[in-house]
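The values are calculated or read from the model by the stated rules, or taken from the named source; none is laboratory data. Keep in mind it's a predicted model, so treat the numbers as computed, not measured. FYI the Cβ positions are ideal-geometry reconstructions off the backbone, even for glycines, and counts take in every protein chain you see.
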Amino acid sequence: MAGFLSFIRRLYFSAYNWAVCFGWCQVLYFALKTLRESGYEHVYDAVERPLQLAQTAAILEIIHGLLGLVRSPITATLPQIGSRLYLTWAILYSFPETRTHMLVSSLVISWSVTEIIRYSFFGMKEAFGFTPYWLLWLRYSTFLILYPTGISSEVGLIYIALPYIKGSEKYCIRMPNKWNFSFDNFYAAIVTLGIYVPGSPHMYQHMLGQRKKALSKSKRE
């Protein structure tokens, strides 16, 4: 029975990782094609649906962590996925004024290259039980450049959205109401920007530690 459950788990995670990897391949392909043919102003329109699907699918990773199906700590998974979902839905989807900025291109390319490598890494590991060293190296090295470019793009787009958030009051809840509760989306965005200040260096240091550990272990083996 345990062997059968292990097989089902591997089958599920193989399918999940390769499916999401394919989604991010679509995002990257459409982004680069549009950049070459039409310019950065049209990148979001080209990638909107596959971007939303691929990024939202990452919610399952939070569930995997909560259920103990993976070893990745939820404390590391939740902030990264949460921030990306925030950019995808609360900024780009909710405020069309941000979609034609050049930072959308750097955001989408940084995300997609990172995720193609990451999901193919785990897809190989689940499907075949191993990963080639070059893929391991990419998994733990490309973030050195792509994490700063991705984070800078995220922060920049939130900042660009601030006047539109304030002017529209979208998602704001004003008093009085039956819940006796108020929410200001503009100040929530300010708080989110503030979280990036300590959060980004902490996450970068965490990934540097993971890189050192993974590459050292691979060399020993």
request  = May I ask you to list pairs of residues, at least six apart or on different chains, whose Cβ atoms are under 6 Å apart, with the first in region 195-221 being farther than 15 Å from S141 by Cβ and the second being modelled with pLDDT of 90 or more and not acidic (D, E)?
outcome  = Y196/V155; S200/I151
ask   = What are the residues in region 129-148 that are within 21 Å of S83 (Cβ to Cβ) and either charged (D, E, K, R) or surrounded by fewer than 17 Cβ atoms within 10 Å (Cβ to Cβ) (or both), if any?
value = R139, T142, L144, I145, P148
task = Give the residue, chosen from Y204, Y147, Y140, that is under 23 Å from T98 (Cβ atoms) and of a type outside the set (D, E, K, R).
result = Y147
query = Quick one: would you say I160 is touching a strand residue (DSSP E or B) at 6+ places or on another chain (Cβ under 8 Å), over 30 Å from F13 (Cβ atoms) and either among the β-branched types (V, I, T) or loosely packed, with under 13 Cβ neighbours inside 10 Å (or both)?
reply = no
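Every residue, every condition in (1) part of a loop (DSSP other than H, G, I, E, B); (2) closer than 20 Å to I117 by Cβ; (3) in contact with a Cys (Cβ under 6 Å, 6 or more places away or on another chain); (4) among the small types (G, A, S), yes or no:
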| site | (1), (2), (3), (4) |
| --- | --- |
| S152 | no, yes, no, yes |
| G156 | no, no, no, yes |
| F181 | yes, no, no, no |
| V197 | no, no, no, no |
| H202 | no, no, no, no |
| M207 | no, yes, no, no |
| Q210 | no, yes, no, no |
message = Among the numbered criteria (1) modelled with pLDDT of 95 or more; (2) at positive phi, which one does E41 miss?
response = (2)
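Could you pull out the residue among G209, G199 that is of a type outside the set (A, V, I, L, M, F, W, C) and loosely packed, with under 14 Cβ neighbours inside 10 Å?
G209
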